[in-house]
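Below is one structure; the comments refer to it alone.
We did not get these values from a lab; they are worked out from the coordinates using the rules stated. Owing to the predicted nature of the structure, the values given are computational and were not obtained by experimental measurement. When we count neighbours, we look across all protein chains shown, and the Cβ atoms used for this are built from the backbone with ideal geometry, even at glycine.
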Amino acid sequence: MQQDQFLKTIHEDRSDTSSIAPGFVLPNNTTRGPRSPSEVSNVANSVRNGPRSEAPSSVGAILPGSTIIPETAQSAPSKKRACERFLKRNLVLILVGCILVTGVIIAIVVVATAPMDDPSAVSGPEAIAASPNIPTTSPLLNFPTSRPSLRTPAGDPLNTVPPPETIALLDATLRTVTPDYDNLTLNQTSHYYQARQWMLFQDLLREDVIREGSFWVIQRYVLVLFYYSLNGDQWFDSDNETFLIRDTSECQWAGVSCSEDDEAVITLHMPFNNLTGTLPSELGHLSKLQWLNLTDNYITGTISTTVFDQMRSLYHVDLSKNNITGLIPPSLWSIPSLKTVDLSDNLLEGPFELFANSSPAMNLTEIRLSNNFLVGSLPSWLSELPELTHLEAVNSNFSGRLPDPIPPALEHFNVYWNTLTGKIPGSYFGSASLVYLYLDFNELTGTLPAIDPPRNNSLSHLFLHNNQLSGEIPESFGYEWTNLQKLFLHNNSALTGSLGPADETLCTTIWPQFEKMKSDCKGNLSTVICPCCFEC
């Protein structure tokens, strides 16, 4: 059969397959319409040339030895390969496009959910000015009965401008504490400005503290001001991990403790911590403070005359070993709860006295004022203190007479190296509680008093040397002091008589704890006989 006639027969009668050569497969019914002459020519060429790896997409049949590929089945792999080539060539562009689309979606979500900016807000923390809505009246400071629970900080206020009402309320509260608050906080180098900035822009508990009430706002502010006034960044623990902690109650700061019921500060304990600077007068607003210990630092300046006015629960004050100048606030001595005071080793001046018409703190047990520049006499009200056991005022420039009678519970009386004058009261030698009596290096005069009942069996150390005592030493002077260890009477050139028994072997019999005795018993000018003296 001729080639053209064979193809024509297939085209004209698709249903009759009796004349088709074995292995020949008809095209599927996707082949539509008669073929053009060029298509027929291509098929003829296929027959002449044998099977090909790829037949033209328009070819509907291949001669024996080849597989007949329907047009739709042949185009699927071809499209797949084309798609793969497209993906390989444009993979980077596709990825970039996906990223851009994702970014646009995220931006739309953020913008849709973000809060609207307050058009009245100030642009930054350094540009905050006084709000026109600042209250003209000050909030009342009432003592709380309990403190609300602090919530977990919701965010970091750093460089975030607080709402105007927050600024107004904080400023109004702090004006009740700091005189001339507005001017002081305008100066960016002042401690007051630094404290305010911290409260507004660093404190993670700012909103909670303000919500709790003015008492805790003031308490937190006073401690923050205390930190900046005394150069907290130079403290020995200055890493801000122990004090000025932004996300915790001030009760958890180092050196601070609070009462359990209302979390009011009751202790401020920072000895030997390199505190330098001046105590802020606002410290007095820690009205429930009981314990104040800032010894052995570098505190300078004066103590505000009002700092102790509100501290009616204070019982321990230790500001010793600093460089504090000025007067001792008279209000200190009338705090009802006060028990111990140590202001020694400072540069304090002026008299040691109470406010007029005020009563002394009757619970006082210890007063230490040594190494200062005080003037005047020891106050007579010391004799009224029934619990006083220690009184030390060495090298403090006191003058005048010794208080008489001696406080009834006094055990340790140390006032040497002053300019005290007058006679030694007889009550001093007859005190049943006195153990240490140091009156040396003064200008005391007169004779040694006779010891009247009740007898003192407690006296251990009696230092009367370097005075201007005169007259004859009373017979059996000191025999009743069975606990006596040291007795110094030297450098009182006008004293005469005998000191101790004539037989030195009896010295330890009379005084079993005897260690040392000194008097003016040497040389032709001496008129004191002292067989028990170790030194003359």
**Prompt:** For the stretch 191-262 and the stretch 345-386, what is the separation of their C-alpha centers, rounded to whole Å?
**Reply:** 33
**Prompt:** Stokes-Einstein D for the stretch 184-327 at 20 °C, 1.002 mPa s, Kirkwood Rh over Cα pairs, in µm²/s?
**Reply:** 139
**Message:** Give me a comma-separated list of calculated 3J(HN,Hα) values for the stretch 506-515, in order, Karplus coefficients 6.51, -1.76, 1.60 applied at θ = phi - 60°, integers in Hz, x for any Gly or Pro.
**Reply:** 8, 4, 6, 6, 6, 10, x, 8, 4, 10
**Complete:** Surpassing 29 Å at the alpha-carbon level, of the pairs Lys339/Lys516; Lys423/Lys516; Lys321/Lys516; Lys423/Lys518; Lys321/Lys518, are Lys339/Lys516; Lys321/Lys516; Lys321/Lys518
**Fill in**
If each K or R counts +1 and each D or E counts -1, the residues other than Ser313 whose Cβ falls under 12 Å of its Cβ total +3
